Amino acid sequence: MASAAWINLASGKGEPDWAPLGREFKACKRSFILHVPSWQNYRPLQVLTWKKVKYDSAQTPADDRGVYAFVLNAKVIGTGPFPPLSAILYVGETGESSDATLKSRLQSYRNKKAQRDRARLWSMLEQWGDNLDFYYATVSVGVSTKACENALLDALLPPANKKDFSATVRHARDYAFE
């Protein structure tokens, strides 16, 4: 038997039942590159000890320099019927060329209005803010946070990042999305 959506579509009466859900799906669509060799070839400049705080909480990270990642953790209330699902959406650094710290950087992201000119970040924060975790690792003085960030970007290829990949990875990524 034909669904109501197809009957409405065929009759020309209004919008199919599935169209609103389809628009919701489209708004949440992201393209990922899950390239295992990049993960295997990752060589950290220092051992990173990751900690996390909830993006939408009052928790704050260390008031230090370092690298960070926004991770979507789709948790179901309770234990849920699904296995864990998470995705690294964005990687950044702080403290290389400014006095910003992990704490101040997270506070700036929590002010979503400040992100309006950064479409990928604004969309990420708007779409999934209540399911985002802010993972961070401090980086020792003398170790470049920018170099740590670049190595993570080339290994993880997060979809909300736009620049700061190495030239080879940036060109390959652009080619993959043509």
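The values are calculated or read from the model by the stated rules, or taken from the named source; none is laboratory data. Since the structure is predicted, the reported quantities are computational estimates derived from the model, not experimental observations. Virtual Cβ from ideal backbone geometry, glycine too; neighbours counted across all protein chains shown. Note: accessible area is taken over every heavy atom of the protein model, side chains too, but ligands, DNA and RNA are not part of it. Shrake-Rupley method; radii C 1.70, N 1.55, O 1.52, S 1.80 Å.
Evaluated against (1) more than 20 Å from ALA155 (Cα to Cα); (2) at pLDDT 90 or above; (3) loosely packed, with under 12 Cβ neighbours inside 10 Å, VAL53 falls short on exactly one condition, (3).
Need at least 2 residues that are in contact with a helix residue (DSSP H, G or I) (Cβ under 7 Å, 6 or more places away or on another chain) per element, so show me which helices (runs of 4 or more DSSP H) inside segment 108-178 make the cut, counting only ones lying wholly within it.
Helices (runs of 4 or more DSSP H) meeting the threshold: 119-128, 145-156.
Pairing each residue of segment 151-178 that is open to solvent by 60 Å² or more (accessible area, probe 1.4 Å) with any residue that is outside any loop (DSSP other than H, G, I, E, B), provided the two are 6+ apart or on different chains, yields C-beta distances under 7 Å for LYS162/ARG120. A Cβ distance below 6 Å, combined with a sequence gap of six or more or placement on separate chains, defines the contacts here; from segment 11-31, residues that are more than 19 Å from ALA87 (Cα to Cα) reach residues that are modelled with pLDDT under 85 and of a type in the set (S, T, N, Q) in the pairs GLY14/ASN8; PRO16/ASN8.
LEU45 meets the stated requirement of being open to solvent by 40 Å² or more (accessible area, probe 1.4 Å), modelled with pLDDT under 95 and in contact with a Cys (Cβ under 6 Å, 6 or more places away or on another chain).
Tell me which residues, restricted to segment 97-125, are surrounded by 15 or more Cβ atoms within 10 Å (Cβ to Cβ) and either over 15 Å from PHE70 (Cβ atoms) or touching a Phe, Trp or Tyr at 6+ places or on another chain (Cβ under 6 Å) (or both). Within segment 97-125, ALA100, THR101, LEU102, LYS103, SER104, LEU106, GLN115 qualify. For the residues LEU153, LEU72, LEU157, LEU125, the requirement of being modelled with pLDDT of 95 or more, of a type in the set (A, V, I, L, M) and closer than 24 Å to PHE25 by Cβ singles out LEU157.
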